[in-house]
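Written out below as structure tokens is the structure these notes cover.
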Amino acid sequence: MRLLTVSHFYEGHGGGIERVAAQLCRQFAKNGHHTVWAASDSDPPPNGVEALPLRCANPTEAMTGLPMPIPGPRALRDLSRAIHASDAVIVHDALYLTSVASMLLAKIRGKPVVLIQHIAGITFANATMRGLMRLANRLVTRPMLRAADQVIFISEKVRRELLGEPASRRSMLLYNGVDSTVFHPENVSNRDAVRKNHGIPVDAPIAIFVGRFVEKKGMTVLEALARQRPGLHLVLVGTGPIRPESWGLANVHVLGPRTQHAIAELYGASDLLLLPSVGEGYPLVIQEAMACGLPVVCGEDSACADPGAARWLRGVDIDLTDPDLSALRCGKAIDSSFDSPVDRDGMAGYAAQTYSWARMAGAIIESLLRPVDADHCATSRAQPR
């Protein structure tokens, strides 16, 4: 089968959606499907995947933290040709102009579209941005969901928010996979050496954050927490328009982007993953931390994305309009995590059994080979085999 995958950026941009797209593209190719990945040319194309860089402008990310590549005429022409040459189109998230263009062009070409929806609404601190997000979901996301031949959610919470209960159309719930050769409990064996290598105190409690340095990830909450808890050290892995170095806090260690192997080692050297984000589906970093046996404190939406994993995740009510209160809530959840440790082996075992890239990719291909009635109001879920 000839597949075209469309996302807003390539994985070098550092976001979770892009990493999911990369893993699935590699898995499709591994399974013998000719796979092309189309995304904005803002970042270099990935190695090991046939890429179609699209000429796009991206004026909004630097100003608002909201990534929104705008494809030009040349990008639309290249996208149309790639869709014509494909048997099916796989679109990651509805609310991007590259996604909307792909849906329209695929419909014109008569090609089936699988829409993988990662997020729902984002509760920005700014009221205007919150209003624009609600309007965009009403005018763009929901029509895109109706237009897709198959809809896949990576979070039960996102599915309920966008489709309602009972669901307004048939969909699939497929959790992202985890590379178990990289993320596993054995990473904890060189804990002190990893800390020393990165200039992190050996004897201090460490909370690690992995993700884009943007508003919705809760950067203001992290800053407030670091000020409230000088004895807690925060290790920040990632990049973005927000600069945590400017906070001037000795207990904040900004490591920048790191390879997946390095992140796995840092998980093993940390005491917990802290992700005070909003508007997420099921962030991949949570699943990878679970696979390493690392306790997780995260936003409430993320904590209930997979009901089967909820017992190991400590969800916090995050309000970006009140970062100090949200930081206090995170602090209490961290204390609770230290006072009542989770079953690390059980959590890691669940992640290893449940989260599989091969299973996810296989279910997507099966949905294309056996199309479902989009008007039938039901939800199916790929179960671990």
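Read-outs throughout are calculated quantities, based only on the coordinates presented, and are distinct from any laboratory measurement. This one's a predicted model, so the numbers in the text were calculated from it and none came from an experiment. Note that each Cβ is placed from the backbone with ideal geometry, even for glycine, and that neighbours are counted across all protein chains shown.
For T181 and D319, the FRET efficiency from 1/(1 + (r/R0)^6), where r spans their Cβ atoms and R0 equals 45 Å, is about 0.70. For H253, the residues whose amide H sits under 5 Å from its own are L234, V235, L236, ignoring neighbours fewer than 5 places away on the same chain, with H placed 1.01 Å from N.
Spatial offset of segment 2-45 relative to segment 228-268 amounts to 27 Å, using the alpha carbon center of each. Using R0 = 41 Å, the C-beta based FRET efficiency linking A193 and M1 works out to 0.35. Based on Cα contacts under 8 Å between residues 6+ apart, the chain shows a relative contact order of 17 percent.
When the convex hull of the Cα atoms of segment 196-334 is projected onto a plane and the area is averaged over all directions, what value comes out in nm²?
7.5
For D335 and E245, the difference between the fully extended length at 0.36 nm per residue and the C-alpha to C-alpha distance is 29.8 nm. In whole Å, how far is the Cα centre of segment 174-212 from that of segment 341-370? Spelled out, the Cα-based centre of one part sits 21 Å from the other. Rounded to 0.05, the FRET efficiency of the D345 and K30 pair, given R0 = 30 Å and the Cβ-Cβ distance, is 0.50.
How large is the convex hull of the Cα atoms of segment 128-252 per residue, expressed in Å³ as a whole number?
Output value, Cα hull per residue: 175 Å³.
With 0.36 nm allotted per residue and the present C-alpha distance subtracted, the A310-T60 stretch has 86.5 nm of extension available. Computed from backbone phi with θ = phi - 60° and the Karplus coefficients 6.51, -1.76 and 1.60, the 3J(HN,Hα) list for segment 322-329 is 9, x, 5, 5, 4, 5, 4, 5 Hz; x is used for glycine and proline.
Cβ-to-Cβ counts within 10 Å put S367, S7, S99 in ascending order as S367, S99, S7, the fewest first. In sequence order, segment 110-119 has phi-based couplings of x, 9, x, 10, 9, 9, 9, 9, 9, 10 Hz under the Karplus curve 6.51 cos²θ - 1.76 cosθ + 1.60, θ = phi - 60°, and Gly or Pro positions carry x. Each part gets one Cα centre, and for segment 287-339 versus segment 125-143 those centres are 25 Å apart.
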